[in-house]
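*Asks:* Below is a structure I'd like to ask you about.
The values are calculated or read from the model by the stated rules, or taken from the named source; none is laboratory data. Quantities reported herein were computed from a predicted structural model and do not represent experimental measurements. Neighbour counts are summed over all protein chains in view; Cβ atoms, including those assigned to glycine, are modelled from backbone coordinates with ideal geometry.
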Amino acid sequence: MSNDLLVLTLLVVVVITGSALCSGVEAALLTVNPVQVHELAARPQPIAGARRLAQLRQRLGRTLSVLVIANNGFNIFGSLMLGAFAAYVFEKHNISDVALPLFSVGLTLLVIVLGEILPKSLGSRLALSVSLSSAPVLHLLGLLMRPVVVLLERLLPAITAENELSTNENEIRLLARLGSQKGQIEADEAAMIAKVFQLNDLTARDLMIPRVAAPTLDAAANLETLRPELLTHNAEWWVVLGKEVDKVLGVASRERLLTALLQGQGHLTPADLSETVEFVPEMIRADRLLTGFRRDNSGVRVVVDEFGGFVGVIGAEAVLAVLAGWWRKSS
């Protein structure tokens, strides 16, 4: 009798262990962060199992099919075989009336708790490590079960769908907000992430200093004549205008103009000290403007309308003010 019970116990352990492994790996695959998997697989020297895991997640329907087949093999077929063997053992020793119902109840509880609930909880908590370690075995199982899986894919085409790694602005905003609420990132960082996307919705026309308020200088006037204006107005950049309407000759920095005055070069004109300016259309997006400022040292752009007319001036600080939360849309 002891040998029969030992064999029955070993079979129970095998069925519960197999079910637990399948359940834990399934939970890990569904829980692991796909972005993290993609980053690990894209490294020049990826972590062991990372590339295989990325391939398995790309065909997640096929991978889950393999796990479901294996899991149900343990849960259903294994339980049926155990029940039949247990009935044989208990009947052989004339204890089936009491032992068989108790065995059935106990096996059911073990499958539910140790074969499903506990391993899925652990798999979700240790998703990355479990997924990486199980990826080679899953790949091998997929090869062994290939005929069955291919048949299922023919019957259920949805299984063949590939999982593409993608996201959008709303998802990133929600993730940033959730991270802030959970204390994973700072509140100001989450707010700045949201403002980065706001740049795509704003144009130079929204952020520029309009022409009527833009600091301008007559290209032909000498610095001595312009001294009062330069000292009272603290604009960092001045637009240098020619005689013709909308004739922008360049821009001059306040620092360079004042330096020339201090050095006794008041006879010079803004045109002598001006720099070449880059013109941008008024409908250019703020994110593209920020990229343009990063490429060179100039911190100002002259904004023109569709006809090439001078309509305003914009500096890098205007775009950065949006990110910092200082900018407010004018009514």
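Conditions tested, residue by residue: (1) charged (D, E, K, R); (2) part of a strand (DSSP E or B).
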| residue | (1), (2) |
| --- | --- |
| Ala221 | no, no |
| Pro228 | no, no |
| Leu231 | no, no |
| Val239 | no, yes |
| Leu249 | no, yes |
| Glu255 | yes, no |
| Leu258 | no, no |
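*Asks:* Restricting attention to segment 21-47, and to residues there that are aliphatic (A, V, I, L, M) and outside any helix (DSSP H, G or I), which single residue is nearest to Arg59 (Cα to Cα)?
*Replies:* So, considering only residues that are aliphatic (A, V, I, L, M) and outside any helix (DSSP H, G or I), the one nearest to Arg59 (Cα to Cα) is Val32.
*Asks:* Determine whether Asp305 is at pLDDT 85 or above, charged (D, E, K, R) and more than 27 Å from Ala321 (Cβ to Cβ).
*Replies:* So Asp305 fails the test.
*Asks:* Turning to a different aspect of this structure: Which numbered condition in (1) farther than 16 Å from Ser133 by Cβ; (2) under 44 Å from the mean Cα position of the chain (by Cα) is the only one that Thr17 fails?
*Replies:* Going through (1) farther than 16 Å from Ser133 by Cβ; (2) under 44 Å from the mean Cα position of the chain (by Cα) one by one, Thr17 breaks only (1).
*Asks:* Based on this model, can you work out whether Arg52 counts as assigned by TED's automatic domain parsing to the domain that holds Lys120, among the basic types (Lys, Arg) and closer than 27 Å to Leu80 by Cβ?
*Replies:* Against the criterion (assigned by TED's automatic domain parsing to the domain that holds Lys120, among the basic types (Lys, Arg) and closer than 27 Å to Leu80 by Cβ), Arg52 does not qualify.
*Asks:* Tell me yes or no: at least one residue of segment 99-118 is under 28 Å from Pro147 (Cβ atoms), polar (S, T, N, Q) and in contact (Cβ under 8 Å) with a residue 12 or more places away in the chain.
*Replies:* No, there is no match, as no residue in segment 99-118 is under 28 Å from Pro147 (Cβ atoms), polar (S, T, N, Q) and in contact (Cβ under 8 Å) with a residue 12 or more places away in the chain.
*Asks:* Additional query: Among the listed residues Glu39, Glu26, identify the single one that is within 35 Å of the chain's Cα centre (by Cα), among the acidic types (Asp, Glu) and surrounded by fewer than 19 Cβ atoms within 10 Å (Cβ to Cβ).
*Replies:* After ruling out the rest, the residue left standing is Glu39.
*Asks:* Scan segment 229-269 for residues that are under 22 Å from Gly308 (Cα atoms) and in contact with a Phe, Trp or Tyr (Cβ under 9 Å, 6 or more places away or on another chain) and jot them down.
*Replies:* Listed by number, the residues that qualify are Val239, Leu241, Val245, Asp246, Lys247, Val248, Val251, Ala252.
*Asks:* Would you be able to tell me the number of residues in segment 1-32 that are modelled with pLDDT under 85 and either in contact with a strand residue (DSSP E or B) (Cβ under 6 Å, 6 or more places away or on another chain) or not hydrophobic (A, V, I, L, M, F, W, C) (or both)?
*Replies:* 3
*Asks:* Here is a list: Gln45, Gln36. Which entry is in the same structural domain as Gly115 (by TED's automatic domain parsing) and over 19 Å from Leu126 (Cβ atoms)?
*Replies:* One residue alone meets the criteria, Gln45.
*Asks:* Please indicate, with yes or no, whether at least one residue in segment 70-87 is assigned to a loop (DSSP other than H, G, I, E, B) and farther than 24 Å from Ile117 by Cβ.
*Replies:* No, there is no match, as no residue in segment 70-87 is assigned to a loop (DSSP other than H, G, I, E, B) and farther than 24 Å from Ile117 by Cβ.
*Asks:* Can you spot a residue in segment 108-116 that is among the polar types (S, T, N, Q), farther than 19 Å from Cys22 by Cα and part of a helix (DSSP H, G or I)?
*Replies:* No: zero hits.
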